[in-house]
Amino acid sequence: MSSVRQISLGGVKIGGGAPVVVQSMTCTRTGDADATLAQVRALVSAGCEVVRVSLPSRDDVQAFAQIVREAPVPVIADIHYEWRLALAAIDCGAAGVRVNPGTLGERHLAEVVRAAGDRRLVYGGDGREIEGPVALRIGVNAGSLPRALRATTPGGRPPSTALVDAALAWSRKLEDWGCLDFKVSVKSSSVRDTIAAYRDLAARIDAPLHVGVTEAGTLWSGTIKSAVGIGTLLAEGIGDTVRVSLTGDPVEEVRVAWKILAALGLRSRGPDVISCPTCGRTEIDVVALANEVERRLAADPRFVERALTVAVMGCRVNGPEEARHADFGIAAGAGEGQIFVRGRRVATVPESDLVEALFGRIRRACEDEHAG
Ligand code: SF4
């Protein structure tokens with residue numbers, strides 16, 4: 001159940017059956033265009049398809065304009081409180097503007113909607129100009145609901161209902177003003193509230209949904225909350241674009257988003273390491289072996305975008321069967337291990353040579369595919 005309506009965000013299709021789009025947000029100072037563009041490029045290398053950049057003040061507008069022009073993917077401006085900055089972002093050619101109606105007010109939101117609709121060209125990445133208008137996001141957060149909709153006492157209105165009420169009210173206003181180029185988010189730091197809100201909203205709205213758990217936390221806990229929240233919704237077909245929100249390097253947000261999509265079989269990008277949890281039968285250091293295999297796969301640009309499965313198994317009892325089902329696999333024994341390529345055992349090598357031998361086979365298979 002992807003959204004009914006499709007929008008274009010600088011040429012990237014969102015909703016209406018398009019593949020779920022991965023996005024993230026920079027955390028450099030926007031006024032430092034070079035640092036922000038460097039981070040945008042790192043995000044794009046990891047698989048980010050749309051990037052959000054905050055525009056906190058007038059002083060940042062010039063740098064923001066440069067970022068919009070030079071970024072390799074469409075840029076969304078993140079705006080709170082100062083509606084004139086949304087107009088400035090639109091003037092810069094931003095592909096999208098995220099507004100939080102709770103921090104803007106109706107009259108000013110109407111101005112932003114009008115300016116977004118009037119814009120005929122936006123930047124789609126690498127300086128390409130794409131036919132507009134600017135896509136908006138109605139970003140409702142549990143922390144900034146209008147006073148009248150805030151959660152009440154225990155047993156009162158559930159917070160998810162308040163989020164949905166606010167999102168529906170603002171969505172209807174935009175539609176009344178003739179704007180259909182928008183997506184909606186209803187994020188909470190509570191995974192349960194987030195899931196409940198999106199389920200409710202998805203049944204009542206045609207607009208594409210931007211899905212995420214806000215302020216999810218550090219890499220470890222935020223990854224778990226995001227995988228549960230975003231994963232549950234995507235598994236039900238709810239969500240057209242995702243942002244994993246982590247306290248840390250945003251490149252990790254992109255990696256986590258792709259892992260969620262791959263785990264659900266929705267999209268895949270890059271290698272996936274399958275490794276056994278080890279047990280009393282384990283005969284070699286599987287933890288070190290699996291980490292080394294994962295590190296090398298991530299570090300080699302030849303593999304970054306390849307959807308390979310590589311199994312690292314710790315014994316000769318269950319290992320060979322699992323290794324056989326992966327594209328490439330190791331089933332280790334005492335002091336040696338077997339290498340599998342696409343279901344066939346191709347070599348048995350000493351433990352110390354396992355990683356080299358495995359990567360020799362992976363490289364050769366990839367080169368053969370390329371040549372073929
Ligand atoms: S593959 Fe072998 S070593 Fe690994 S958990 Fe299974 S039985 Fe244990």
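For the range 116-134, which residues satisfy the criterion of being open to solvent by 10 Å² or more (accessible area, probe 1.4 Å) and out of contact with any Pro (no Cβ under 9 Å at 6 or more places or on another chain)?
Once the filter is applied, which keeps residues that are open to solvent by 10 Å² or more (accessible area, probe 1.4 Å) and out of contact with any Pro (no Cβ under 9 Å at 6 or more places or on another chain), the range 116-134 yields Leu121, Gly127, Arg128, Glu129, Glu131, Gly132, Pro133.
Out of curiosity, is Ile284 assigned to a strand (DSSP E or B), more than 8 Å from the ligand (Cβ to nearest atom) and aliphatic (A, V, I, L, M)?
no
Does any residue of the range 273-281 turn out to be open to solvent by less than 40 Å² (accessible area, probe 1.4 Å) and more than 16 Å from the ligand (Cβ to nearest atom)?
Looking for residues that are open to solvent by less than 40 Å² (accessible area, probe 1.4 Å) and more than 16 Å from the ligand (Cβ to nearest atom), one finds none in the range 273-281, hence no.
Is there a residue being basic (Lys, Arg), on the phi < 0 side of the Ramachandran plot and buried (at least 20 other Cβ atoms within 10 Å of the Cβ) anywhere in the range 44-66? Walk me through it before giving the result.
We begin by selecting, within the range 44-66, every residue basic (Lys, Arg); these are 52, 58.
Of the ones still in play, those that are also on the phi < 0 side of the Ramachandran plot are 52, 58.
If we keep only those that are buried (at least 20 other Cβ atoms within 10 Å of the Cβ) too, we end up with 52.
Scanning the range 44-66 turns up at least one residue that is basic (Lys, Arg), on the phi < 0 side of the Ramachandran plot and buried (at least 20 other Cβ atoms within 10 Å of the Cβ).
Quick one: Gly93 ticks every box in (1) in a loop (DSSP other than H, G, I, E, B); (2) open to solvent by 10 Å² or more (accessible area, probe 1.4 Å); (3) of a type outside the set (Ser, Thr, Tyr) except a single one, so which number is it?
Gly93 satisfies every listed condition except (2).
Yes or no, residue by residue, for (1) open to solvent by 10 Å² or more (accessible area, probe 1.4 Å); (2) of a type outside the set (Lys, Arg); (3) in a loop (DSSP other than H, G, I, E, B):
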| residue | (1), (2), (3) |
| --- | --- |
| Val164 | no, yes, no |
| Ser171 | no, yes, no |
| Leu180 | yes, yes, yes |
| Asp200 | yes, yes, no |
| Glu215 | yes, yes, yes |
| Ile224 | yes, yes, no |
| Thr232 | yes, yes, no |
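Does the range 355-363 contain any residue that is within 15 Å of the ligand (Cβ to nearest atom) and open to solvent by less than 10 Å² (accessible area, probe 1.4 Å)?
Checked the range 355-363: no residue is within 15 Å of the ligand (Cβ to nearest atom) and open to solvent by less than 10 Å² (accessible area, probe 1.4 Å).
Examine the range 98-109 for a residue that is part of a loop (DSSP other than H, G, I, E, B), of a type in the set (Lys, Arg) and farther than 21 Å from Val244 by Cα, and state whether such a residue exists.
No; the residues of the range 98-109 include none that is part of a loop (DSSP other than H, G, I, E, B), of a type in the set (Lys, Arg) and farther than 21 Å from Val244 by Cα.
Name the residue, out of Arg137, Arg150, that is basic (Lys, Arg), under 25 Å from the mean Cα position of the chain (by Cα) and either closer than 21 Å to Gly212 by Cα or at pLDDT 95 or above (or both).
Arg137
Tell me whether the range 296-319 contains one or more residues that are more than 11 Å from the ligand (Cβ to nearest atom), surrounded by 13 or more Cβ atoms within 10 Å (Cβ to Cβ) and farther than 21 Å from Ala46 by Cα.
no
Kindly indicate which of Gly343, Gly270, Gly337, Gly265 is within 16 Å of the ligand (Cβ to nearest atom) and either modelled with pLDDT under 85 or not charged (D, E, K, R) (or both).
Only one candidate qualifies: Gly337.
The values are calculated or read from the model by the stated rules, or taken from the named source; none is laboratory data. Quick caveat: nothing in here was measured; it's all calculated off a predicted structure. Cβ atoms come from the backbone with ideal geometry, glycine included; neighbour counts cover every protein chain shown. When the accessible area is computed, the model is the full protein with side chains, heavy atoms only, and any ligands, DNA or RNA have been set aside. Shrake-Rupley method; radii C 1.70, N 1.55, O 1.52, S 1.80 Å.
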